[in-house]
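So the structure is just underneath, and the comments pick up after that.
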Amino acid sequence: MKQEKIEFYKGPAGGWGALNSVKNALLRQDIPVKGAKTLLSANQPDGFDCPGCAWPDRNHASTFEFCENGVKAVAAEATARRAGPGLFDQYTVAELAQQSDFWLEDQGRLTHPMAYDAASDLYRPIAWDDAFALIARHLNALPDPNQAIFYTSGRASNEAAFLYQLFVRQYGTNNFPDCSNMCHEPSGSGMRPQIGVGKGTVTLQDFEHADAIFIFGQNPGTNHPRMLGELREAHKRGARIVSFNPLRERGLERFADPQDKLEMATLGSTPISTHYFQLRVGGDLPAVKGIMKHVLEQEDLRGGVLDRGFIEQHTTGFDAMAGNLRRESWALLEEESGLTEAQMRSAGDIYLGARSVIACWGMGITQHKHAVDTIQAIVSLLLMRGNIGREGAGPCPVRGHSNVQGDRTMGIWEKPPAALLDKLRDVFGFEPPREDGVDTVEAIRLMGEGRGKVFFALGGNFAAATPDTHATWQALRRCDLTVHVTTKLNRSHVVHGREALILPCLGRTEIDMQASGPQGVTVEDSMSMVHISTGINPPASEHLLSEPAIVARLAAATLAGRSAVRWHWLVEDYARIRDLIEQVFPDFQDFNRRVAQPGGFRLRNTASERVWATASGKASFHAPVVPQDTPSHQARARLKDSIVFTLLTTRSHDQYNTTIYGMDDRYRGVYGQRRVVFIHAADIRALGLQDGDWVDIQTVWADGQERRADGFKLVAYDIPRGNLAAYYPETNPLVPLSAVADAAGTPTSKSIPVLLLPHRALQAAAA
Ligand SMILES: Nc1nc2c(c(=O)[nH]1)N[C@H]1C(S)=C(S)[C@@H](COP(=O)(O)OP(=O)(O)OC[C@H]3O[C@@H](n4cnc5c(=O)[nH]c(N)nc54)[C@H](O)[C@@H]3O)O[C@H]1N2
Ligand SMILES: Nc1nc2c(c(=O)[nH]1)N[C@H]1C(S)=C(S)[C@@H](COP(=O)(O)OP(=O)(O)OC[C@H]3O[C@@H](n4cnc5c(=O)[nH]c(N)nc54)[C@H](O)[C@@H]3O)O[C@H]1N2
Ligand SMILES: [Mo]
């Protein structure tokens, strides 16, 4: 392990630091030569879709788009390491559970299906057919299908997801919690009633025409590095790039493109943000309202500012919103956003100076109690000047997992629209369950109360990704059976039910051979582009099955005699699955032909055509109330004598969600460790502590339960006073299960009221 240090990062994002990091990532996975070939196939017309993030690529066209974190994601999957039966012989599950998340995944790719043996506390190999029979037996023994839970992580392909939802609905439940519930759920919940679609409306081409790009709560340098390419080009042609973020993020400041020879040779770089508004955590709603108020005041002052024609023809609710904005007090907006009136007005002037504006957002917006309101305010700001449904303008929620958007399109949704269920009934001739299922947080409750008995996960790492770790682990352990379809060993396999299975599957980089030949799968990126993804590497083990094959064989075993679907036949040729997708979703007409074209095709997006699939047939304005009732407000009111901080949990540069690639966070200057908490220097002094001191973190929550995460090192950082930042998943024990976004259920993992306490272990040692 590298030495621990904290050191200000002077370089730009990308650049030589990125190239160096790539070399190390390949070496770590023992794939120096093969790695290069694998990488060159990422996001190519006939290669695989990068399993990194959902940012689109230039048409899956010709040039390889370099992305450091894409390389790490591919290398993690293409690793030469193997976690075979030998490993499971060597360690009991109790011993495996003692290991870190990093260690577990670092054992490499899983090679055999494994079943938990309680007598020996070991995972032992099991034949595939026996595994499916075991699951089928459990599922068919449940008195109510709603006692089974089917989780999905956003890497699953359209084909796998479609079969999965079909199987589960035929089985009889809509219990489909997914990673989206913890992620962009509020984006869909906010935009669907407002503009009629739950997805962004812009394309990559729009980035070439925007005069201003507003970025709220997103860290593209780490999480969507290819987005920096778009931002850099936009900056070079003079577009304004306006960042709203409580942290100074390197990737939002400067970027050197590793493919730009001159920039690399001269150690040059391009600035990214032209403006940086360092607001308070959770301060976006008041900040956006301030911008809107300024826009409205300018209209009142000089006229010609709003797009009156658009507002008249396409929207409802303008007058009510305007009244609300006029009454809003600047003092409150300043207090709650952490920005000054002058700052909000200057952001407003940038907005007014731009003909076309794109607004992007990420987890800094969605993982809050008032996320849905905030998103509706951002979209309302866009609507004021008709910044939607025309070139260079529109909302752009930047999705996380590479196919999370596609999975939802395919019906991975615990609250399925009636139209989808009707269609399934008509096409497949069965009556799907009509009652809403559970989302992620509700699934944990269900299991915790003993009413959820079988937990099945298509990918992901439920035990580590979810909030309230203590409660969640207890819930999982109450299950009769937990099953994970997975590529690597992770926490969820060692926090398990009475019986447990690990089902290893092919990754996206691997050749998927079925009866009719090698198969491709399809995915949908953050901008509704659907394209094919074809693996090129030999499978990590001959015992792996593809995800569609696992779902189909499980369905056949469970629904034997009850389903008219030809499960085995479908998997022989995935084009057959796509034919069914086309029958259920009209937007996929001629699916097989269209997806075979280079670059694939774009799904229809009504809002981008200014067609509003809403109740009123129009887009609507919202001016939500500035929240003064958040858990942090309440905690501060209650504990007047303590410093109550608002903690945001985020990703380091060396992780993919719960997968930890390494211990560095280069752009934030942290090396060799992850248990750090970023804090303003003045707050360290106010606590009577020093930079580098160790603390414990304790949640302030009214339910009387103690939630702690112990042993974090203070790192003085450029962050507003009263705010803290630390990495997830280590901080998930601090996020209460009941801390969720209104009208979306998303855990509020960006705003947890906490106290910092002197580190327990040190205190004990001193006593
Ligand atoms: N390499 C890599 N790529 C990834 C992932 C990964 O873990 N690693 N994860 C994937 C997934 S699933 C997702 S969802 C995306 C996540 O990508 P992001 O949306 O970038 O998620 P986070 O890293 O959580 O960072 C959120 C940013 O929001 C800021 N922030 C926090 N609170 C607030 C706030 O109240 N207001 C504002 N304005 N900003 C705030 C933080 O400082 C941080 O810069 O990335 C995807 N891509
Ligand atoms: N505190 C806090 N919690 C959060 C967040 C936060 O910002 N803060 N972010 C939330 C967000 S945005 C998200 S999306 C969730 C992520 O939640 P998940 O999607 O559940 O978690 P991941 O860490 O992405 O899942 C990693 C695992 O997926 C498996 N895997 C990888 N590739 C494949 C594949 O091709 N097929 C299959 N079957 N399995 C595969 C591997 O075994 C790996 O261990 O976490 C959420 N939790
Ligand atoms: Mo996500």
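The values are calculated or read from the model by the stated rules, or taken from the named source; none is laboratory data. What you are looking at is a predicted structure, and each value in this text was computed from that prediction instead of being measured. Note that each Cβ is placed from the backbone with ideal geometry, even for glycine, and that neighbours are counted across all protein chains shown. Accessible surface areas use protein heavy atoms only, side chains included; no ligands, DNA or RNA. Shrake-Rupley method; radii C 1.70, N 1.55, O 1.52, S 1.80 Å.
Yes/no per residue for (1) modelled with pLDDT of 75 or more; (2) open to solvent by less than 90 Å² (accessible area, probe 1.4 Å); (3) out of contact with any strand residue (DSSP E or B) (no Cβ under 6 Å at 6 or more places or on another chain); (4) not assigned by TED's automatic domain parsing to the domain that holds Thr266:
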position	(1), (2), (3), (4)
Gly11	yes, yes, yes, yes
Leu27	yes, no, yes, yes
Gly35	no, yes, yes, yes
Gln44	no, yes, yes, yes
Phe48	yes, yes, no, yes
Trp55	yes, yes, yes, yes
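To keep it simple, each residue is scored yes or no on (1) closer than 30 Å to Met321 by Cα; (2) part of a helix (DSSP H, G or I); (3) in contact with a Cys (Cβ under 9 Å, 6 or more places away or on another chain).
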| site | (1), (2), (3) |
| --- | --- |
| Phe162 | no, yes, no |
| Arg169 | no, yes, no |
| Ser189 | yes, yes, no |
| Pro193 | yes, yes, no |
| Lys199 | yes, no, no |
| Thr222 | no, yes, no |
Can you name every one of the helices (runs of 4 or more DSSP H) wholly within the stretch 580-698 that holds 2 or more residues which are open to solvent by 30 Å² or more (accessible area, probe 1.4 Å), outside the structural domain of Gly282 (by TED's automatic domain parsing) and charged (D, E, K, R)?
591-596, 631-638
Out of the residues in the stretch 344-383 meeting the condition of being within 17 Å of Thr316 (Cα to Cα) and polar (S, T, N, Q), tell me which one is least open to solvent (accessible area, probe 1.4 Å).
Ser380
Those residues of the stretch 489-500 which are more than 23 Å from Pro733 (Cα to Cα) and crowded, with 23+ Cβ neighbours inside 10 Å amount to Ala500
Give me the pairs: first residue in the stretch 154-171 and in the same structural domain as His531 (by TED's automatic domain parsing) and among the acidic types (Asp, Glu), second residue open to solvent by 10 Å² or more (accessible area, probe 1.4 Å) and within 15 Å of ligand 2 (Cβ to nearest atom), beta-carbon distance under 7 Å, and six or more apart or on different chains, which are they?
Glu159/Val521
Inspect the stretch 384-394 for any residue being surrounded by fewer than 24 Cβ atoms within 10 Å (Cβ to Cβ) and within 16 Å of ligand 1 (Cβ to nearest atom) and give the result as yes or no.
no
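State all residues of the stretch 208-221 that are farther than 19 Å from Ser346 by Cβ and buried (at least 23 other Cβ atoms within 10 Å of the Cβ); if no residue qualifies, say none.
Of the residues in the stretch 208-221, the ones farther than 19 Å from Ser346 by Cβ are 208-209, 217-221.
Of everything in the stretch 208-221, those that are farther than 19 Å from Ser346 by Cβ and buried (at least 23 other Cβ atoms within 10 Å of the Cβ) turn out to be Gly217, Gln218, Asn219, Pro220, Gly221.
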Which of the residues belonging to the stretch 428-459 are out of contact with any Cys (no Cβ under 7 Å at 6 or more places or on another chain) and not in a loop (DSSP other than H, G, I, E, B)?
Phe428, Thr440, Val441, Glu442, Ala443, Ile444, Arg445, Leu446, Gly448, Phe456, Ala457, Leu458
Pairs please, first residue from the stretch 584-604 and of a type in the set (Gly, Ala, Ser), second anywhere and loosely packed, with under 13 Cβ neighbours inside 10 Å, Cβ atoms under 7 Å, 6+ apart in sequence or on different chains.
Gly599/Ala61
At least 2 residues that are open to solvent by 30 Å² or more (accessible area, probe 1.4 Å), of a type outside the set (Val, Ile, Thr) and outside the structural domain of Val670 (by TED's automatic domain parsing) in each: list the strands (runs of 3 or more DSSP E) lying fully within the stretch 229-280 that qualify.
275-277
